[in-house]
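Below: one structure, written as structure tokens.
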Amino acid sequence: MNKAGKHIQSGVTAAAGSSCNSASPTAALLGSPLAAADGTPGTGGNLGAGTNVFNSIMSFLPDNRPITSLHIVEDSDRCPKNFSAISRTYDQDADADLWRDYNILFGRQTTRYLCLSKSEGLPEYVVETLKVIAEKVPPPKEFSLLSRTADSDQKAWRKRQIAYKLSKRGSVTQAVTDIILCSKLKIAPDGFKLAGDINGILICYKTGAIPMRLPPPVPASASLASGAVCEAEQALNRLNLQGQRNSRGPLPQLPTENQDHDYEEIQAHYQINSPQRPAPPRPATGVGGRWKICR
């Protein structure tokens, strides 16, 4: 049984043992909402203990997100924000110091620890691959180096160093999802690739498919507005199509010569009658200050 399985089994046993009337291991893990409501022990055991066990189990589950940034630090407890240090080796649970040089004369130990993050770094960039090269060898094309410690601004490496390649998300399908350090193994464990060794410590990494990011959900108001716009567009399209169909119909026929044209033209025998009342008199005009009626 692996470490995760042993931890899950021990957590279930401990949580079940602490409950008064445990119905099942699942209830012991998750706790009982009724017990939390009235403050008395219920059939599901202690809710706090179940939550702690659940969090412990979640910490053992794999995180398949791609690594986005790397750092090297002198003190494993002083990693940058949102970075986690690899302080123990994978195979022997020993100190994962990459410097491995103990200065007995000065009574001081120099250490170097690798830190990784899955949220920091350049936006939309992921670590595609990495390799170990000599300290004074220039990195391969498109690879980056960690030359100084992030916490103390000291020289990062001794003899050998890690070079890593950043790639734009979307331009690659595989990226580095995990890095482990081995102090006894000579080859990479199953599922990992070997990048090289630094002062007797094997640097191994795992790659995985980059998960696709779903577009953000559309707000309800925006979706309603877009639906109204779509309906209006569809109505206009229907009107346009109907107008096009009507425009393609037959043209109206011209009337024949035998039909009457009273509504279009005046017949030849039609006579206009003169007005019955006399015309109004002409207006008077003033000449030299005198008014005169013109006839």
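The values are calculated or read from the model by the stated rules, or taken from the named source; none is laboratory data. From a predicted model like this one, the values you see are computed outputs, not experimental measurements. So basically every Cβ, Gly included, is an ideal-geometry build from the backbone, and we count neighbours across all protein chains shown. Protein only, heavy atoms only, side chains kept; ligands, DNA and RNA dropped before computing areas. Shrake-Rupley method; radii C 1.70, N 1.55, O 1.52, S 1.80 Å.
Would you mind finding the one in R88, R158, R148 that is more than 27 Å from the chain's Cα centre (by Cα) and under 24 Å from P189 (Cβ atoms)?
R88
Identify, from the list A156, A163, the residue that is among the small types (G, A, S), touching a strand residue (DSSP E or B) at 6+ places or on another chain (Cβ under 7 Å) and at pLDDT 95 or above.
On the way: A156 fails: at pLDDT 95 or above.
On inspection, the qualifying residue turns out to be A163.
Of the residues making up the stretch 98-109, not a single one is more than 25 Å from F192 (Cα to Cα), buried (at least 18 other Cβ atoms within 10 Å of the Cβ) and in contact (Cβ under 8 Å) with a residue 60 or more places away in the chain. Among the residues of the stretch 143-155, is there at least one that is over 19 Å from A85 (Cα atoms), open to solvent by less than 70 Å² (accessible area, probe 1.4 Å) and in contact (Cβ under 8 Å) with a residue 24 or more places away in the chain? For the stretch 143-155, residues over 19 Å from A85 (Cα atoms), open to solvent by less than 70 Å² (accessible area, probe 1.4 Å) and in contact (Cβ under 8 Å) with a residue 24 or more places away in the chain: absent. Taking the criterion of being among the aliphatic types (A, V, I, L, M), in a strand (DSSP E or B) and surrounded by fewer than 20 Cβ atoms within 10 Å (Cβ to Cβ), the only residue of the stretch 181-197 that qualifies is L194. Taking residues in the stretch 51-69 that are farther than 17 Å from A85 by Cα, and partners anywhere that are at pLDDT 75 or above and surrounded by 14 or more Cβ atoms within 10 Å (Cβ to Cβ), the pairs with Cβ atoms closer than 8 Å and at least 6 places apart or on different chains are N64/T177; N64/G208.
The condition (being without any contact (Cβ under 8 Å) to a residue 60 or more places away in the chain, open to solvent by 80 Å² or more (accessible area, probe 1.4 Å) and assigned to a strand (DSSP E or B)) is satisfied by just one residue among K168, K136: K168.
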